[in-house]
Structures are given as C-alpha cells and as structure tokens.
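*Asks:* Structure incoming, see below.
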Amino acid sequence: MYLMKHIIVILLSAMSSFAATIQENIWANGETFLGFLEQNNISQSLYYNLPTEDKELATEIIAGSKYFLLKDEKSNEILQALIPIGEQNQIHIYKNEKDVSGFVFRTIPVRYFEKQQSVAVELNSSPYNEIMSITGDTRLANEFAIAFKRSFNISDIQRQDKIAMLYNRKYRLGKPYGSPEIVAAFVHSRGKPHYLFTYKDGSYYNEKGESLMQFFLTVPLKYSRISSPFSHARKHPILGYKRPHLGVDYAAPMGTAIWAAGDGVVSFVGNKGGYGKTVIISHAEGFKTLYGHVSRYAKGLKVGKRVKQGSLIAYVGSSGLSTGPHLHLGLYKNGQAINPTRNIKVKKKSLPQNELKEFNALVAHYKTQLQEVVAQGYPFYVAANEYKANPDEVIK
C-alpha cells in the first residue's frame, strides 16, 4: 500500500507542502463531469471555459473506471485528480489559484509498462476456465474465447487438447492494466494445430494470411473529407500541446443521412455531453459505435431496437460542442476507444501478395516462440506478481 501511495503521489507531482491523502474511486454509471465538479466543490467554470475538444474528452470518461483524488487532509479539499479516458490517456485536474475556477484541466498520458507473456495448458475443462484458473485474468480468457470463436468451434475441444499463446500485457502500479493483446496462439485439437496471429492492423489472421475477423464496419455516411482523424496524442495547432481525439470526424453537409456501421442493438439515444445528440449501437464481441453531433434521429429509433448494417439511424448536424456540421464516429472495444478507420471494411479477406512475405516471416517467428513455450511442459505460466511496481511506470 505504501508503494502504491508513493507512486501515485509522484504521479500527482508530490505536493510536499500539504498533508494529503490519496482516495481511489470508481466512476459511477450515469456520473457526469459536471456532476463530479459540483460534488467536489470545483467551479463548473472549469468545464465551461475549456476548448471544445477538451469538453468532448470529458464526455469520454467510462463508467466503472478507477480514478484517484489527492485531498488536503485538513480541509478535505481536492488538490489534484487523475481520471482515465481510455487506456492511453487521463484527465489531470490540479489546483491553481491563478485560474478563474481555481483549477487547471489538462490531458496527460497514462504511464505503464508492457511485458510479453506466455501460457500453455492442457484442457480438463473449457479454455476460458483453464486460462482463468492459471492466470486469474478475466480479460485474457475472454479475448482468447472470442478470438478462436472466429476460426474454430470451441465446442469441438476435448479433454487433453492443448492451447498455448503469446500475449502482451500492460502493468501499472504492479497490477495488470487494461486489455491484453494476443499476438499468437494455437489450439491443438484432434491431432491438428489451429493457429491465429495478430498483424499490423490489430486483426487476427490464420497462418495463410486469411482474416479471421467477423466484425467489419462500413463508413456510415457520404462525407466530403475527414476533418479530424483518430489520435491518442494529437498536437493542437493553436494551443500547442498534445491531446487525444478518440474518434474520427467526417465533414458532411447538414442533414446528410447516417447509417449504422454494423449490425447491432441501439443502446443509447439522447444528449451526451459535448457530443450533443448522440446514438450508440452495441455490436457483437464487445464493440460499440458512437455517432455524435447529429441533428435529428431516424423515425422510430429507440433504445433496444435492432439495426442492420446500412440502416438509417440519424442525420448529420452540429449539436453539442461543434464548430460545424460533421459526424463524430467513435469505436469502442470492451469500453476502450480504438481507431475506427482501422476497422472499416476496406481490407480484403486475405492479405495482399506484397504483405505476405512479411507476414510469413512473422508467422515463422511466432511459431518458434510457441514451440519454446510448449517445450516448458503443461501447464506453463509466468505469474503476474513477479512484475513489481517501479518508478519507470510514472509520468508527471
């Protein structure tokens, strides 16, 4: 506990002139940034004086996220706050009497370190249960089940079948952080290995370079240009500092039709902070799409309605905090913002010839690594608690 507090205090720029306490909280479902300010006696002018892009980012706080407060021990007044917006970035609020609101708002990266880990297990129950029992990592077990669902009938797996995988795992403050990335894996069933590999765009492919992705997006409107791309750290041309933009902005005339980017169920229709009138659709495998700044909704659109890819859902507008008519398209996987343009249906079902040479070299490399893991015997796993928190994880 002391180590965690020590690191967080460094993270919050260690205000040595105050006797301060650290509070760890969970962002509640339905909680808003304005509500957070009011609850903590911070002037709402902090929000209203922000540039448009920062107001949008305040809308990106995800329910269930863990955030930290540094409070004065005597007055219980907030000195600083760190609130995550996705896995890569966080909102940093800190006290500054020179500011009109008495506080400053900025976005900074989340510092973590990443380890490539491996696991191999002989099955006595489902892959999900076996991975959970040996790693305790719910997200890893989930991702493995989803990944192989695309290429292999998990129900065909029998006792004494074997699985092995290499994956990248983030760690922060000595604990697993965010979502794991499976880079290579196999299921050995009925005497035959079934492989998958992650390539450049983050999609899964079999060893022949054929895509295993079942979920594809289509561009949801006819647009004139991309006015603002997705970025985890885009330098603002006027303000000069970096801030994330967790979606893609498509410039289009007012009233342009917006279609569902994929099959799914409407999970939100209404006003959502800086995004104004917004539609959110839940898709398979933990994906959601967000359509912001719309002018009006399609007739009959409501929460719970099933929509097909290409169904009319809304019209381009400039509602909320917008400088002109455009669609803000956000894409989320398990609550984390990812780049929509990397998942839009522009790629073929298999890799082009000019990429296969590089892909085949990657496959050979990872197959060798997987064999080295298997050679350790079953089960094999390096426990996560061997990786301790260290000051290198900290960003000021």
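*Asks:* Given springs between every Cα pair under 10 Å in a Gaussian network model of the chain, which of P253, P244, P51 has the largest fluctuation?
*Replies:* P51
*Asks:* Do any chymotrypsin sites (Phe, Trp or Tyr not before Pro) in the stretch 14-84 lie in a loop, going by DSSP, with at most 14 other beta-carbon atoms within 10 Å of their beta carbon, and if so which?
*Replies:* Nothing satisfies the criteria.
*Asks:* Another question, if that's okay. Sum -39500 (n - 2.57) across every DSSP H segment of at least 4 residues in the chain, then divide by the residue count to get the 222 nm mean residue ellipticity, nearest 500.
*Replies:* -5500 deg cm²/dmol
*Asks:* Label L312 and E285 with points 7 Å out from Cα along Cα→Cβ: what is the distance between them in nm?
*Replies:* Modelled inter-label distance: 3.1 nm.
*Asks:* Would you kindly state how much longer the chain becomes between R159 and N124 on full extension, computed as 0.36 nm times their sequence separation minus their alpha carbon distance, in nm to one decimal?
*Replies:* 12.1 nm
*Asks:* Continuing with the same structure: For V303 paired with I62, estimate the spin-label separation in nm (one decimal), with each label point 7 Å from Cα along the Cα-to-Cβ line.
*Replies:* In this crude spin-label approximation the distance works out to 2.0 nm.
*Asks:* Please report the accessible area of E130 (heavy atoms, 1.4 Å probe, ligands and nucleic acids excluded) in Å², nearest 10.
*Replies:* Estimated to the nearest 10 Å², E130 gives 20 Å².
*Asks:* Need one word for the chain: rounded, prolate or oblate. Basis is the Cα gyration tensor (sqrt eigenvalues a ≥ b ≥ c); a/c below 1.5 gives rounded, then a/b vs b/c decides.
*Replies:* Here the chain falls in the oblate category.
*Asks:* Then there's this: Carbon and sulfur together cover what percent of the accessible area of the chain at a 1.4 Å probe radius?
*Replies:* For the chain, the apolar C and S fraction of the accessible surface comes to 50 percent.
*Asks:* Can you tell me which of G178, G292, G300 moves the most in a GNM of the chain? Springs connect C-alpha atoms under 10 Å apart.
*Replies:* The residue that fluctuates most here is G300.
*Asks:* Once the Cβ-Cβ distance between A145 and Y48 is put in as r, and R0 is 41 Å, what FRET efficiency do you end up with, to the nearest 0.05?
*Replies:* 0.35
*Asks:* Now, a different point. In nm, what is the difference between 0.36 nm times the number of residues separating V265 and N96 and their Cα-Cα distance?
*Replies:* This chain segment gains 56.4 nm when fully extended.
*Asks:* By how many nm would the segment from M132 to I226 lengthen if fully extended, with 0.36 nm per residue of separation less the alpha-carbon distance?
*Replies:* Contour length minus the Cα-Cα distance gives 29.7 nm.
*Asks:* Relative contact order (percent) for the chain, with alpha-carbon contacts under 8 angstrom and 6 or more residues of separation?
*Replies:* 16 percent
*Asks:* How would D99, D249 line up by accessible area, probe 1.4 Å, largest first?
*Replies:* D99, D249
*Asks:* If r is the Cβ-Cβ distance from Q371 to K175 and R0 is 35 Å, what FRET efficiency results, to the nearest 0.05?
*Replies:* My answer for the efficiency is 0.70.
*Asks:* Compute the accessible area per residue over the chain, keeping the other protein chains in place, probe 1.4 Å, unit Å².
*Replies:* I get 48 Å² per residue for the chain.
*Asks:* Rg to Rh for the stretch 264-330: what is it, with Cα atoms only and Rh by Kirkwood?
*Replies:* 0.95
The values are calculated or read from the model by the stated rules, or taken from the named source; none is laboratory data. The structure presented is a predicted model; accordingly, all values stated were derived computationally and were not measured. Every residue, glycine as well, gets a Cβ built from its backbone with ideal geometry; the counts of neighbours run over all protein chains shown. Remember, those area values only see protein heavy atoms, side chains included, never the ligands or the DNA or RNA. Shrake-Rupley method; radii C 1.70, N 1.55, O 1.52, S 1.80 Å.
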